[in-house]
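The values are calculated or read from the model by the stated rules, or taken from the named source; none is laboratory data. Fair warning: this is a prediction, and the values are worked out from it, not measured in the lab. Neighbour counts are summed over all protein chains in view; Cβ atoms, including those assigned to glycine, are modelled from backbone coordinates with ideal geometry. Note: accessible area is taken over every heavy atom of the protein model, side chains too, but ligands, DNA and RNA are not part of it. Shrake-Rupley method; radii C 1.70, N 1.55, O 1.52, S 1.80 Å.
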Amino acid sequence: PLNRLGLAMWLTSPDHPLTARVAVNRAWQMCFGAGLVTTPEDFGSQGERPTHPKLLDHLAKDFIDHGWDVKRLMKQIVTSATYRQSSVISPQLKAIDPQNRLLARGPRHRLSAEMIRDNALAAGGLLVEKLGGPPARPYDLAASFKPVAPDEGEGLYRRSVYTLWKRNGPAPVMLTFDASKRDICVVKRERTSTPGQALVLLNGPQFVESARALAERAMREHGDNDAALIEMIFKTLTSRAPEQREAQVIARLYRDQLEYFDQHPDRAEKYLATGKAPRVESISAPKLAAAAVVAQALMNYDESVYKQ
């Protein structure tokens, strides 16, 4: 029929695989950082040809045949041998294929703005995974969307997908990490590396608070065992144990910060007062502040903000 129902039937018809190809390419882009068609905004004659056309066709047809099951598609991609390769690149491969168009290694790219914030909250045990509900207002909205005040309670720690968003102005933290405005359609975000991103990770109230919460978790579990404390924080943020040299550098940072906060307890108290999550008062302020600085430094480590 020549109406909206007919348009929907045509878009999802097995004889018209464009919709499925676009959807599959977006899923591939989410997992690998770049789609099989590297111009997701243009699947026409002016766009790039697929790097692996048979693979794209197979996934699109399979997607249609299995009822447009997105969860099945994502599972199919992330359990593939291609996705599960190491992301370490050799000099020879870097010279031949720096953009990984040949898929000879696993993906490595910076996490999205939403994932970076949610990952920090989850590491500190603060993330609220409640589904649905009104928009959430984290700390940074108060500085940008006046007279919007930050939420109290769980609204500060909800997943970033629920953050209040004005069409031509994302939340400042999101904007710093390349979230796109919504006044135009953007199907592929830019990825930049700027000093402002490090500034947010080291000074943003949400990240300072999350680092303190992670330090509290580690200190409750390991007490005065500095080596175990450092290993837990490092493993929580990077998903691996620190190498010996890394552990030595982090231990030196912890000792230096502990010495500083022992000499300036008022600054330790001021630092730990960031954020509205309740603090564990039984833990010494200088020790907790020193551990929180370590957690913050590691939140800014590339392995904590990169998928690899």
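Below, the figures for the structure above:
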{"item": "Near pairs, Cβ below 8 angstrom, 6+ apart or cross-chain, from segment 139-157 (open to solvent by 80 Å² or more (accessible area, probe 1.4 Å)) to any residue that is in a helix (DSSP H, G or I)", "result": "Ala143/Pro172"}
{"item": "Per-region count, segment 288-308, residues modelled with pLDDT under 90 and polar (S, T, N, Q)", "result": "1"}
{"item": "Filter result (open to solvent by 40 Å² or more (accessible area, probe 1.4 Å), assigned to a loop (DSSP other than H, G, I, E, B) and free of Cβ contacts under 8 Å to residues at least 24 places away in the same chain) within segment 45-59", "result": "Ser45, Gln46, Glu48, Arg49"}
{"item": "Segment 2-32, residues that are buried (at least 16 other Cβ atoms within 10 Å of the Cβ) and assigned to a loop (DSSP other than H, G, I, E, B)", "result": "Pro17"}
{"item": "From Glu231, Glu243, residue being under 30 Å from Phe32 (Cα atoms) and exposed (fewer than 14 other Cβ atoms within 10 Å of the Cβ)", "result": "Glu243"}
{"item": "Filtered residue count, segment 175-196, keeping only those that are in contact (Cβ under 8 Å) with a residue 24 or more places away in the chain and either in contact with a Lys or Arg (Cβ under 6 Å, 6 or more places away or on another chain) or closer than 18 Å to Asp302 by Cα (or both)", "result": "5"}
{"item": "Glu154 being out of contact with any helix residue (DSSP H, G or I) (no Cβ under 9 Å at 6 or more places or on another chain) and acidic (Asp, Glu)", "result": "yes"}
{"item": "Selected residue (only one of Ile89, Ile116 is part of a loop (DSSP other than H, G, I, E, B), surrounded by 13 or more Cβ atoms within 10 Å (Cβ to Cβ) and among the β-branched types (Val, Ile, Thr))", "result": "Ile89"}
{"item": "Hits in segment 158-183 - residues which are open to solvent by less than 40 Å² (accessible area, probe 1.4 Å) and assigned to a loop (DSSP other than H, G, I, E, B)", "result": "Leu164, Pro170, Ala171, Phe177, Asp178, Ala179, Ser180"}
{"item": "From the options Gly133, Gly155, residue that is of a type in the set (Gly, Ala, Ser) and assigned to a loop (DSSP other than H, G, I, E, B)", "result": "Gly133"}
{"item": "Members of segment 119-129 found to be in a loop (DSSP other than H, G, I, E, B) and under 13 Å from Ser160 (Cβ atoms), listed by number", "result": "Leu126, Leu127, Glu129"}
{"item": "Segment 92-108: number of residues that are part of a loop (DSSP other than H, G, I, E, B), open to solvent by less than 70 Å² (accessible area, probe 1.4 Å) and without any contact (Cβ under 8 Å) to a residue 24 or more places away in the chain", "result": "3"}
